[in-house]
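Quick note: the coordinates plus some simple rules give every number you see, no bench work behind them. Keep in mind the model is a prediction, meaning the values are calculated, not measured. Using ideal geometry, Cβ is built from the backbone for each residue, glycine included, and neighbour counts are taken over all protein chains shown.
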Amino acid sequence: MSHAIEAEGLVKTFGTDVRALDGVSLTVESGTVLGLLGPNGAGKTTTVRVLTTTLIPDSGRALVNGFDVVTQADKVRSSIGLAGQYAAVDENLTGRENLRMVGQLLQLSRRDASRIADELLEHFELTEAANRPSKTYSGGMRRRLDIAAALVHRPPVLFLDEPTTGLDPKSRNAVWAVVEELVAAGTTVLLTTQYLEEADRLADRIIVVDRGAVIAQGTSAELKADLGETVLDLEFVDPDTAQRAAASFRGTWTGGVVLDGSLLELSVDAGPSEVMLALRTLESAGIVATRMALREPSLDDVFLSLTGRRAEITEEES
Amino acid sequence: MTASVLPDGASPLKRSKVHRAFSDAMVITERNLIGYLRIPESLFFSSVQPIMFVLLFRYVFGGAIATPGMNYVDYLMAGIFVQTVMFGSINTSIGLAEDLQKGLIERFRSLPMARSAVLAGRTTSDLLRNIVVIVIITLVGFAVGFRIHTNLLAFLGAVLLMLFFAYAISWGFAYIGLAAPNSEVAQLMSFPILFPLTFASTAFVPASTMPGWLRAFAEHQPVSLVINSVRALTEGGPTARWVIPALIWCTALLLAFVPLAVWRYRRTS
């Protein structure tokens with residue numbers, strides 16, 4: 001299978017000490033979705049900016065659709081679409097004017113640009129709002145317009161930088177449906193996200209980045225497999241108690257043990273008998289858990305076990 | 001069959017590099033002008049300030065300022081014109097800083113468009129905006145007693161010169177807009193440059209009353225040369241001694257600022 005995106009050893013530093021990218025390598029096969037997952041500041045957006053030619057890497061090399069992002073930037077630009085987390089539409093322009101402008105900047109005639117603008121507005125259910133300045137749009141409408149603007153020239157490769165950050169669940173679902181539809185039509189998508197659920201649902205392959213480096217990659221299932229089939233959550237009254245509980249498992253527990261505040265997460269490989277073992281271990285240590293739950297591992301667990309930190313960023317922080 | 005999410009194709013027009021740069025700049029110009037028209041308050045309030053300056057100097061300070069051989073209002077208007085178009089160039093830096101802040105520049109940079117187009121479009125739309133402002137200020141000037149003592153052609157020459165000057169420096173402000181972290185800072189960065197250049201000049205008072213060191217600066221700096229040119233072209237007197245150095249300055253500033261701003265646009269991170 002051919003690679004729509006290939007990057008090798010990308011390094012980008014800002015100033016003297018901020019190493020935004022510290023040797024990122026990745027490949028995306030044509031027609032698939034790659035999820036670039038990581039917390040704020042992990043280097044996701046910087047990666048997208050290098051691949052979309054808006055930032056020149058200090059070292060490393062990247063090809064998009066077979067074109068070099070540095071030396072053949074214009075060819076790359078003609079074959080990609082970019083929709084960003086800041087919903088880069090002109091808020092003074094109407095939806096139609098925004099799309100027509102992008103079409104004209106892609107060297108389409110005014111007539112073609114207008115026609116394509118109308119088709120996209122129709123498809124994204126923005127026809128009714130087409131003649132209103134986009135500053136009157138809701139967050140979800142703006143995001144749809146932004147994605148529509150990235151599709152004007154039918155790019156074979158689409159970059160979506162945190163496409164659903166800040167959206168309500170309904171709008172998020174609408175964006176997901178669009179991405180699924182594009183992929184079904186053969187588009188290659190590179191998607192960055194801090195939402196594990198999003199990567200889980202949309203991405204064929206996931207790359208976890210942290211501090212400018214790739215720390216894990218694989219399918220969602222592969223990443224989860226490292227954690228065992230089931231996770232046992234044990235919650236304690238305070239972090240001290242959780243720490244004592246963690247100590248009691250050390251040496252006896254065969255699966256992973258992750259301590260996170262007053263929460264202890266144990267990976268369970270051998271089924272119910274192992275859960276019994278966990279409870280007996282607690283009992284003999286004289287520690288009482290306040291809450292217990294068995295669940296499927298999430299990508300959040302992946303991140304936590306890889307980095308010792310949680311990936312999930314709350315809305316207030318992002 | 002349901003419509004595909006991807007639009008039906010259309011072929012890009014085959015255009016030469018120069019033609020592409022020009023048409024891209026026009027698309028951006030149109031986009032900026034739509035923005036200005038959608039916020040008429042912006043044009044209105046940016047005209048209010050120069051009008052207040054006209055009234056302030058005409059009626060408050062004017063009586064105390066001696067301008068040999070000329071009514072003060074006639075002396076004043078050349079200064080007001082140039083001050084107004086200069087301050088108008090702040091819009092260039094604010095506009096670009098906003099585009100940068102809102103992520104529009106990011107989209108433009110990811111499109112296969114000319115690298116000069118965003119800047120050329122911005123400076124062109126600000127040039128057109130300046131024409132409107134000059135018309136308003138001319139009318140206000142006439143209302144408070146300003147008269148052209150040469151001829152219409154000379155006045156048009158004066159207008160062209162100030163537009164050329166404003167266009168040249170707006171490329172400098174384009175650089176500031178791209179270098180500033182946001183539009184508020186872009187505005188704050190612009191004032192310390194504009195204030196000394198407009199006030200330590202021959203805009204409102206003859207330089208002869210200033211202390212020697214300041215006078216030397218005020219008489220030779222480009223803003224004064226442009227103001228003196230406009231004054232000579234509207235009120236009479238020798239023109240070549242002002243207009244020629246003013247044109248040289250404008251050309252030099254343009255040649256310096258255009259590559260500087262484009263360089264900044266290419267590398268803006």
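In terms of the ratio Rg/(2.2 N^0.38 Å) built on C-alpha atoms, what value belongs to region A:228-296?
Taking the Cα Rg and dividing by 2.2 N^0.38 Å, one obtains 0.97.
Is region B:124-214 rounded, prolate or oblate when judged by the Cα gyration tensor, a ≥ b ≥ c being the square roots of its eigenvalues, rounded requiring a/c under 1.5 and prolate requiring a/b larger than b/c?
Numbers: a/c = 2.21, a/b = 1.28, b/c = 1.73.
Oblate shape, in that a/c is at least 1.5 and b/c is the bigger or equal ratio.
Quick check: net charge around residue A:277, other residues with Cβ under 15 Å of its Cβ, Lys/Arg +1 and Asp/Glu -1? Please report the intermediate quantities before stating the final value.
Details: positive: A:250, A:280; negative: A:269, A:274, A:283.
Net of charged neighbours comes to -1.
Among all lysine pairs in region A:3-221 that are eight or more places apart or on different chains, how many have alpha carbons less than 25 angstrom apart? Walk me through the numbers before you get to the answer.
Working: A:12/A:44; A:12/A:75; A:44/A:75; A:44/A:170; A:135/A:170.
Value for region A:3-221: 5.
Given chain B, report the % of alpha carbon pairs whose separation exceeds 22 Å. The partial results should precede the final answer.
Working: 21118 of 36046 pairs.
For chain B, the fraction of Cα-Cα distances above 22 Å is 59 percent.
Rounded to the nearest 20, the size of the Cβ-charge dipole of chain A about its Cα centre is 980 debye, with Lys and Arg at +1 and Asp and Glu at -1. Note on chain A: with a GNM built from Cα contacts shorter than 10 Å, the maximum mean-square fluctuation among A:170, A:44, A:12 falls on A:170.
Going by the alpha-carbon gyration tensor, a ≥ b ≥ c the square roots of its eigenvalues, is region B:16-147 rounded (a/c under 1.5) or, if a/c is not under 1.5, prolate (a/b greater than b/c) versus oblate? Judged from the Cα gyration tensor, region B:16-147 comes out prolate (a/c at least 1.5, a/b above b/c). Taking a straight line from the alpha carbon of residue B:102, these aspartates and glutamates sit under 16 Å away, with near neighbours fewer than eight places off in the same chain left out: A:90, A:91, A:146, A:161, A:162, B:184.
When a/c reaches 1.5 or more, the comparison of a/b and b/c decides; with that in mind, is region B:187-269 rounded, prolate or oblate per its Cα gyration tensor? Verdict is oblate for region B:187-269.
Within a Cβ distance under 11 Å of residue A:209, other residues only, what is the Lys/Arg minus Asp/Glu net charge? Please list the in-between numbers first.
Numbers: positive: A:44, A:211; negative: A:22, A:210.
Result for the local shell: 0.
Starting from the Kirkwood Rh over alpha-carbon pairs, what translational D in µm² s⁻¹ does the protein assembly as shown have by Stokes-Einstein at 20 °C and 1.002 mPa s? Mind showing how you got there, number by number?
Working: Rh = 27.6 Å.
Here the translational diffusion coefficient equals 78 µm²/s.
Annotation for region A:273-304 versus region A:91-140: alpha-carbon center distance of 53 Å.
Across peptide A:91-104, the mean count of Cβ atoms from other chains lying within 10 Å of each residue's own Cβ comes to 4. Calculated [222 nm] ellipticity per residue, helices only, for chain A: -10500 deg cm²/dmol; basis is -39500 (n - 2.57) per DSSP H run with n ≥ 4, divided by all residues, nearest 500.
Springs between Cα atoms under 10 Å define the GNM used for chain A, and in it the highest mean-square fluctuation of A:89, A:64, A:18 occurs at A:18. For chain B, the longest principal axis of the alpha carbon atoms and the long axis of helix B:222-235 meet at an angle near 60°. Once each part is reduced to its C-alpha centroid, what is the distance from region A:1-39 to region B:170-229 in angstrom? One Cα centre to the other: 46 Å.
With both residues required to sit in chain A, DSSP beta bridges show an antiparallel share near 65%. In chain B, helical runs assigned H by DSSP with n ≥ 4 each contribute -39500 (n - 2.57); averaged across all residues and rounded to the nearest 500, the mean residue ellipticity at 222 nm is -24500 deg cm²/dmol. Between the alpha-carbon centers of region B:74-150 and region A:157-183, tell me the distance in whole angstrom. Their Cα centres are 39 Å away from one another.
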